[in-house]
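Student: Below: one structure in structure tokens.
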Amino acid sequence: MKSYQEMTKEELLAEKESLEAEYASIKEEGLKLDMSRGKPSPDQLDLAMPMMTALHEESDIIDGMGQDVRNYGSMDGIPEAKALVAQMIGCRPEQVIVYGNSSLNVMYDQVARAELFGICGNTPWKDQGKIKFLCPVPGYDRHFSVTEEFGIEMVNIPMSESGPDMDLVEKYVNTDPSVKGIWCVPKYSNPQGFVYSDETVRRFANLHPAAPDFRIFWDNAYAVHHLYDDDQAEIPEILSECERAGNPDIVLEFCSTSKISFSGAGIAALAASENNLADIRKRLAIQTIGYDKVNQLRHVRFFRDLDGIKAHMRKHAALIRPKFELLNQLFINEETPRGIGSWVMPKGGYFISFESLPGCAAAIVAKCKEAGVVLTGAGAAFPYKKDPSDNVIRIAPTYPSVDELREAARVFVVVARLVSAEHLLEGK
């Protein structure tokens, strides 16, 4: 099979004509398939349904401190839930605050507190003039929406398979006091599935920020989301690394069970140093009387410990691994020989990041939508939704059934080939 770059103009025109006919036929099928968000499938959510009976009317509803979880108290989480989260991300229970169901909400609140009140006694961000946040790209669109919401200038930092470009990160953080934070998804990053190397994690821990209120926003969203039992990524525990480097306050770590138990009814948490926790608790005491401790206890009773979480996540992996492998094999068969796309098969997480020929991503996404397959918007993985090369497409394979995914992938392949052929013909 010839790559498209090797084809003559006449061969490309013939390919384009054939693909146009196939695309027209697909549009007549009236498909309605959605791969726009990284949602667990109904089958995955069903795995946690026994949690609904982990507590019942005869249950003991007293936490480890002897408090009735139905009542006020334990503003920052019940002890058992702190211990469970600490096991999941590898820190100490006393470093954890347990919130409601959304880690994104926790991150938003942290940025809002920094804007309004400052961090650990420093001047509020809103009173410091123009401030910046570093954004590894491609990255998580909802992270970028948070900083955009507050008018914070976002700076692109290129990603590699070992993590963000640390030379560039160090240059910005260590010399520019207007740089206040960086978004990080250190394990199975969104959307590429990259894993930060040990060296990258330790370089983060050893930053010397020019701003005393700089913080690493360490979104450990996929800490236990492995696809394979025998090939699981592990990274150094960031809080311990920062302590060893003499930088205990530099990092705020976020996590949740949103893609472990229920997306809309999990538990979220923040882990940080005692200085950061004290600063946060001061505001939390005014913001809330406490989060849903009944749900926290329900999670503890269902999972029990880290072994329980791992056993549960193996069930998740068994459901979603075939979907990732289906896409990977299809791309190997259809895209690689034609030289029109690249990707990395992740070992965990929720996404595959497909890189088309430059200048093709927006057209591919638009044509897929026209054919009934909704993808994440082109440019979404970049601040301000501006992909400088217009070539990154985030694919979320988890929600559709295998049969639906196969149909959606068929459409994607035809469209990617068609748009690529059209693009290359423009240069002939």
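The values are calculated or read from the model by the stated rules, or taken from the named source; none is laboratory data. These numbers come from a predicted model, not from an experiment. We place every Cβ from the backbone using ideal geometry, glycine too, and count neighbours over all the protein chains shown. Just so you know, the surface numbers come from the protein's heavy atoms only, side chains and all, with ligands and any DNA or RNA stripped out. Shrake-Rupley method; radii C 1.70, N 1.55, O 1.52, S 1.80 Å.
Student: If we sort 45-51, 175-181, 64-70, 190-196 on the protection proxy, mean other Cβ atoms within 10 Å, highest first, what's the order?
Tutor: 190-196, 175-181, 45-51, 64-70
Student: While we're here: Please report the antiparallel percentage of DSSP beta bridges with both residues in region 99-235, rounded to the nearest 5. Could you put the intermediate results ahead of the total?
Tutor: Details: 2 of 15 bridges.
The antiparallel fraction comes to roughly 15 percent.
Student: Taking 7 Å along the Cα-to-C-beta vector as the label spot, tell me the residue 389-residue 2 distance in nanometres, rounded to one decimal.
Tutor: A separation of 2.6 nm, rounded to one decimal place.
Student: For residue 145 and residue 374 in the same chain, what is the full-extension length gain: residue separation times 0.36 nm, less their Cα-Cα distance, in nm?
Tutor: Between residue 145 and residue 374, full extension yields 80.4 nm more.
Student: Could you work out the local net charge near residue 371, counting Lys and Arg as +1, Asp and Glu as -1, over the other residues with Cβ closer than 9 Å to its Cβ?
Tutor: +1
Student: Here's a follow-up. Once you list every other residue whose beta carbon is under 13 Å from the beta carbon of residue 21, what net charge do they have if Lys and Arg are +1 and Asp and Glu are -1?
Tutor: -2
Student: Is the C-alpha gyration tensor of region 327-397 telling us rounded, prolate or oblate? Criteria: a/c under 1.5 is rounded; beyond that, a/b larger than b/c is prolate, otherwise oblate.
Tutor: Rounded is the answer for region 327-397, as its axis ratio a/c remains below 1.5.
Student: Rounded if a/c is under 1.5, else prolate if a/b is larger than b/c, else oblate: which is region 277-358, with a ≥ b ≥ c the root eigenvalues of its Cα gyration tensor?
Tutor: Note, shape of region 277-358 comes out oblate.
Student: Label residue 75 and residue 288 with points 7 Å out from Cα along Cα→Cβ: what is the distance between them in nm?
Tutor: Rounded to a tenth, the inter-label distance reads 1.2 nm.
Student: What order do you get for 6-17, 285-296, 252-263 when each peptide is scored by the mean count of other beta carbon atoms within 10 Å, highest first?
Tutor: Ranked from most to least packed, the peptides come out as 252-263, 285-296, 6-17.
Student: Where only protein heavy atoms count, and the probe is 1.4 Å, what is the accessible area per residue for region 182-262 in Å²? Working shown, then result.
Tutor: Numbers: 2400 Å² over 81 residues.
I get 30 Å² per residue for this part.
Student: From the Cα gyration tensor of region 178-308, with a ≥ b ≥ c the square roots of its eigenvalues, which class applies: rounded if a/c is under 1.5, or else prolate if a/b is larger than b/c, or else oblate?
Tutor: Details: a/c = 2.04, a/b = 1.12, b/c = 1.82.
Oblate shape, in that a/c is at least 1.5 and b/c is the bigger or equal ratio.
Student: I've got another one for you. If we sort 241-248, 354-361 on the protection proxy, mean other Cβ atoms within 10 Å, highest first, what's the order?
Tutor: 354-361, 241-248
Student: Please report the spacing between the Cα centers of region 112-131 and region 377-393 in Å, no decimals.
Tutor: 29
Student: Let me ask something else about it. What percent antiparallel are the DSSP beta bridges of the chain, to the nearest 5? Spell out each step's value before the answer.
Tutor: Details: 17 of 37 bridges.
The answer is about 45 percent antiparallel.
Student: Expressed as an acute angle from 0 to 90° and rounded to the nearest 10, what is the orientation of the C-alpha long axis of helix 306-334 relative to the principal long axis of the chain?
Tutor: Rounded to the nearest ten degrees, it is 20.
Student: In the chain, what percent of the accessible surface is made up of carbon and sulfur (1.4 Å probe, ligands and nucleic acids excluded)? Provide the component values of the computation, followed by the final result.
Tutor: On the way: 8810 of 17690 Å².
Of the solvent-accessible surface of the chain, carbon and sulfur hold 50 percent.
Student: Sum -39500 (n - 2.57) across every DSSP H segment of at least 4 residues in the chain, then divide by the residue count to get the 222 nm mean residue ellipticity, nearest 500.
Tutor: Calculated from helices alone, the mean residue ellipticity at 222 nm is -13000 deg cm²/dmol.
Student: Calculate the spin-label point distance for residue 56 paired with residue 28, positioning each point 7 Å from the Cα along the beta-carbon direction, and give it in nanometres.
Tutor: 5.6
Student: Let me ask something else. Determine the order of 315, 27, 171 by accessible area, beginning with the largest, at a probe radius of 1.4 Å.
Tutor: Of 315, 27, 171, the descending order of accessible area is 171, 315, 27.
Student: Taking R0 as 22 Å, what's the FRET efficiency between residue 170 and residue 198 from their Cβ-Cβ distance, rounded to 0.05?
Tutor: Rounded to the nearest 0.05, the efficiency is 0.85.
Student: Once you list every other residue whose beta carbon is under 10 Å from the beta carbon of residue 186, what net charge do they have if Lys and Arg are +1 and Asp and Glu are -1?
Tutor: -1
Student: Below 8 Å between Cα atoms, with a sequence gap of 6+, how large is the relative contact order for the chain in percent? Please list the in-between numbers first.
Tutor: On the way: 812 pairs, mean separation 111.4, N = 428.
This gives 26 percent for the chain.
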